[in-house]
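Structure first, commentary second.
Only the coordinates and a few stated rules stand behind these numbers; no lab work does. Predicted, not measured: the structure shown is a model, and the values here were computed from it. Counting neighbours? That spans all protein chains shown, and the Cβs are built from the backbone with ideal geometry, glycine included.
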Amino acid sequence: MTLYLHETLDPVRAPGAHTRYLDELGHVVRTQGNAEGSAGGRCIAVWVPIFLTGQWPQIVSFWEMPGGWDGFAEHFDTHPELFHPPLERWYGERSGGFDRVLVGSDYSPTLDEITERGLRAPVVLQETVRLRPGSAPDYVGALGEVKTRLADRPDVDVLGAYSVAFRNAGEVLVLWAFPDVAALVRTRSAPEQYPELQEWAKVSAGLELANTGVVLRPTGWSALR
């Protein structure tokens, strides 16, 4: 079972802060893999929302956590400090954030699979989905069937679906991949061209309690760029 760390970060509201943060983070990822004292993840992507589709400025980072649940436990049992050291390093460029631990579905690619298969996601629609407690496995399974039906389409894919840990199986995060914004827009402006998505919309409407989407673009150094 592969675990992931999903971070929504709030840059300091000051000129250049978000750019400095991304530049330094990119340097850390390329040269160190991750900042000392962090959860030891491997960076899959760092995204920035397209500003008309969500809160801004904001940065979203996505990491694969090594060792599954055993690795998660080992890391935090061997790092008992209340505030991990990298916080001090980054306070000049960010004011806070919100984290999720994600449990990947069997069709959500690991970083190695992304690299080996050359997967790309220049534009991502991220959906945070609230469900009835206990229903996340059924939702993720049904979405996997949609991914199978979309296999021959070059313009839309289910990049991955993840159950959010510590939510009583009542929250899922979904990543949809598109080659460009135009492809994403067509799923809204010409839905009849996407019968697979129309069918899924009917199914998901009976399962979801809430759905919040935001459109993201990756940094140039992200694996999914």
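Can you tally the net charge around Val164? Count Lys and Arg as +1, Asp and Glu as -1, for every other residue whose Cβ sits under 9 Å from the Cβ of Val164.
+1
Could you compute the net charge surrounding Arg100? Neighbours are other residues with a C-beta less than 11 Å from the C-beta of Arg100; K and R count +1, D and E count -1.
With Lys, Arg at +1 and Asp, Glu at -1, the net is -2.
Compute the FRET efficiency between Arg117 and Leu52 as 1/(1 + (r/R0)^6), taking r as their Cβ-Cβ distance and R0 = 30 Å, and round to the nearest 0.05.
In this case the efficiency is close to 0.45.
In debye, nearest 20: dipole of the chain around its Cα centre with unit charges on the Cβ of K, R (+) and D, E (-)?
Charge dipole, the chain, about its Cα centre: 660 debye, nearest 20.
What is region 130-213 by shape, rounded, prolate or oblate, if you read a ≥ b ≥ c off the alpha carbon gyration tensor as root eigenvalues and call it rounded for a/c under 1.5, prolate for a/b larger than b/c, and oblate otherwise?
Judged from the Cα gyration tensor, region 130-213 comes out prolate (a/c at least 1.5, a/b above b/c).
Find the Rg to Rh ratio for the chain, where Rh is the Kirkwood radius over alpha-carbon pairs and Rg uses the same atoms.
0.96
Relative contact order of region 3-218, please, whole-number percent, based on alpha carbon pairs below 8 angstrom and at least 6 residues apart.
Value for region 3-218: 25 percent.
Taking a virtual spin label 7 Å from the Cα of Ala183 along the C-beta vector, which residues in region 199-225 bring their backbone nitrogen under 20 Å of it?
Under 20 Å, as judged by backbone N against the label point of Ala183, lie 199-201, 213-225 of region 199-225.
I want to check the label-to-label distance for Ala151 and Arg225. Put each point 7 Å from Cα in the C-beta direction and report it in nm to one decimal.
My value for the distance between the label points is 3.1 nm.
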